[in-house]
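Notes follow once the structure below has been shown.
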Amino acid sequence: MPIRHFKFLLVLFLAFASDLAAQKELLNIKVDTTTKIPTWGPNRRHYFQQFIGIGIMPGPMETGAKTNWWSTSLLYGYRYKLKLWSWNALVVEGAYRHDRYSINQKQVKLLPVDPLRHQRERISLHNITGAFYDRINLGKRGNVLGRWIDLGVYADYAFRVSHVYLDQYYDSNSFQGGQVRRKTRVTRLPFANKLNYGASVRYGSYFYAIWVNYRMTDIIKYPEGATATPELPRIVVGIEFSMYWLRHL
């Protein structure tokens, strides 16, 4: 048999074999004939997602309790969405949030903390937080989150509150070469409110959202009769990202 005929038959055999394999794969595919509409998904009846976020605390700044611009709020949580109508849904979420209020040292501090000036100083709150929202969907979409506005309320429980400050000074008697850095952490603060709540609004588009929280309660408790009672910033502005979309970038 000429070589060219052998090559032709070999190519023909391989093409026939691959076609049989493809048909076999198609025959093995299970086709859903129930016409049942899925109930779980970004724009279905139920949806469950994880999210992470970061926020800053722009103010308002009160005299004696001013903070630095690098004061932050970090959060990680879970969210459940129940779709009521095409334009409306209810949202419930639970999260861990870490608030770090960096105290400005270029002021006369009126907070019930050490009045001395430190190199750095902060009040940290580790919170378990829950929130409830009414979601208004904007525009048409398929089985995706699309764009939306959330209006709701939140509540925090601060299971750990600490006052941390860092000092740096020179000590000629030190074995560390004269320069000493000392970090002090004080916990179980008597002046801290552990239960706080407020209002929240959020605008979202697909995998990210911009949110604003306004705390209605005071974090700092002052003794009765105190003449100056400044409060830490009540507004937090942040951005969050859906973990589902981050895994598929």
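The values are calculated or read from the model by the stated rules, or taken from the named source; none is laboratory data. All values reported here derive from a predicted model rather than from experimental measurement. Backbone-built Cβ (ideal geometry, glycine too); neighbour counts: all protein chains shown.
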Discussion item. On the basis of being in contact with an Asp or Glu (Cβ under 8 Å, 6 or more places away or on another chain), over 21 Å from L195 (Cβ atoms) and at pLDDT 95 or above, does L82 make the cut?
Written reply: no
Worksheet item: So which residues in region 82-112 are over 19 Å from T72 (Cβ atoms) and touching a His at 6+ places or on another chain (Cβ under 9 Å), if there are any at all?
Response: L82, K83
Worksheet item: Among the residues of region 189-207 satisfying the criterion of being over 24 Å from I149 (Cα atoms) and of a type outside the set (A, V, I, L, M), which is surrounded by the fewest Cβ atoms within 10 Å (Cβ to Cβ)?
Response: P190
Fill in: Considering residues of region 59-74 that are surrounded by fewer than 15 Cβ atoms within 10 Å (Cβ to Cβ) and not in a loop (DSSP other than H, G, I, E, B) only, the residue farthest from the chain's Cα centre (by Cα)
G59
Discussion item. Take E93 and tell me if it is outside any strand (DSSP E or B), of a type in the set (D, E) and buried (at least 16 other Cβ atoms within 10 Å of the Cβ).
Written reply: no
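Conditions (1) modelled with pLDDT of 95 or more; (2) closer than 23 Å to L195 by Cα; (3) among the aromatic types (F, W, Y), marked per residue:
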| residue | (1), (2), (3) |
| --- | --- |
| L110 | no, yes, no |
| H118 | no, no, no |
| N127 | yes, yes, no |
| I149 | yes, no, no |
Practice prompt. Pick out the one residue from D99, D114 that is crowded, with 16+ Cβ neighbours inside 10 Å and touching a residue at least 24 places away in the same chain (Cβ under 8 Å).
Written response: D99
Worksheet, complete the sentence: Considering region 208-240, residues that are at pLDDT 95 or above and more than 21 Å from I103 (Cα to Cα), and then whichever is surrounded by the fewest Cβ atoms within 10 Å (Cβ to Cβ), we arrive at I239
